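Since every read-out is calculated from the coordinates, none of them should be taken as a lab result. These figures come from a predicted structure and were not determined experimentally. So basically every Cβ, Gly included, is an ideal-geometry build from the backbone, and we count neighbours across all protein chains shown.
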Amino acid sequence: MINLVVDASVAVKWFVRDTQEEKDVTTAVDILKGIGKNSIELIQPPHWTAEVIAVLARLQPDLTDDAIDLLDAMEIPIRAESSVYKLASRLAIELNHHLFDTLYHALALQDNATLLTADHRYFRKSANHGSICMLADFDLDT
């Protein structure tokens with residue numbers, strides 16, 4: 001079983017599949033399939049659905065209703081313990097980065113999972129903390 005946290009930069013690729021605009025769509029969709037087959041366990045922070053829908057509303061507004069329905073049907077466990085918020089706050093301060101991004105990472109760090117991201121900027125800032133992988137470098141077979 002692979003334990004993952006995926007940020008909005010990855011989850012958006014489940015819906016926006018135009019490979020000209022989005023890179024690594026195949027890997028993102030393979031992750032979605034793995035979640036459906038229960039070979040990947042996904043846990044998420046409380047804001048993830050709102051963030052994914054916010055991006056979709058900007059990129060492809062016609063997809064938002066279906067995306068909301070799919071994300072709701074997935075019944076992904078949401079983790080909102082104060083310890084996650086505290087760690088995310090410390091990361092946000094240390095890295096001078098938005099709390100929404102560090103919430104994903106804090107959850108991965110706390111729950112022995114890997115944050116999967118396509119956000120190069122955040123990855124460069126936070127890679128030394130561990131528990132994070134770029135989508136382009138992720139191998140489902142390991």
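Quick look at the numbers
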| read-out | value |
| --- | --- |
| J(HN,Hα) series, region 27-43, from Karplus relation 6.51 cos²θ - 1.76 cosθ + 1.60, nearest Hz, glycine and proline x | 5, 4, 5, 4, 5, 4, 5, x, 5, x, 8, 6, 8, 10, 9, 10, 10 |
| Per-bin percent of Cα-Cα distances, region 93-142 [5 Å] | 4, 21, 34, 25, 11, 3, 1 |
| 0 to 90° range, to nearest 10: angle between helix 64-74 axis and the chain longest Cα axis | 60 degrees |
| Signed unit charges on C-beta, dipole axis of the chain, positive-most listed residue Thr64, Pro46, Leu107 | Leu107 |
| Surface/4 of the Cα convex hull for region 2-64, nm² | 4.2 nm² |
| Helix axis angle, 48-59 relative to the chain longest principal axis, alpha carbon, degrees | 50 degrees |
| Modelled FRET efficiency - R0 41 Å, Ser89 with Asn38, Cβ distances, 0.05 increments | 0.80 |
| Helix 82-95 axis, angle to the chain major axis (alpha carbon atoms, nearest 10°) | 80 degrees |
| Between region 1-54 and region 60-136, the Cα center-to-center distance that results, in Å | 11 Å |
| Rg to Rh quotient for region 41-85, alpha carbon positions, Kirkwood Rh | 1.04 |
| The chain, dipole about Cα centre (Lys/Arg Cβ +1, Asp/Glu Cβ -1), debye to the nearest 20 | 500 debye |
| Pairs of lysine residues in the chain - Cα separation under 19 Å, sequence separation of 8 or more or cross-chain | 5 |
| Computed over the chain: relative contact order in percent, which uses C-alpha pairs under 8 Å that are six or more apart | 30 percent |
| Value of D in µm² per second that Stokes-Einstein yields for region 1-121, Kirkwood Rh from Cα pairs, at 10 °C (1.306 mPa s) | 108 µm²/s |
| Karplus-derived 3J(HN,Hα), 6.51/-1.76/1.60, for each residue of region 128-139, Hz, glycine and proline x | 5, 7, x, 6, 9, 9, 6, 3, 4, 9, 6, 10 |
| Spin-label model distance (nm) - Met1 vs Ala136, 7 Å beyond Cα toward Cβ | 3.2 nm |
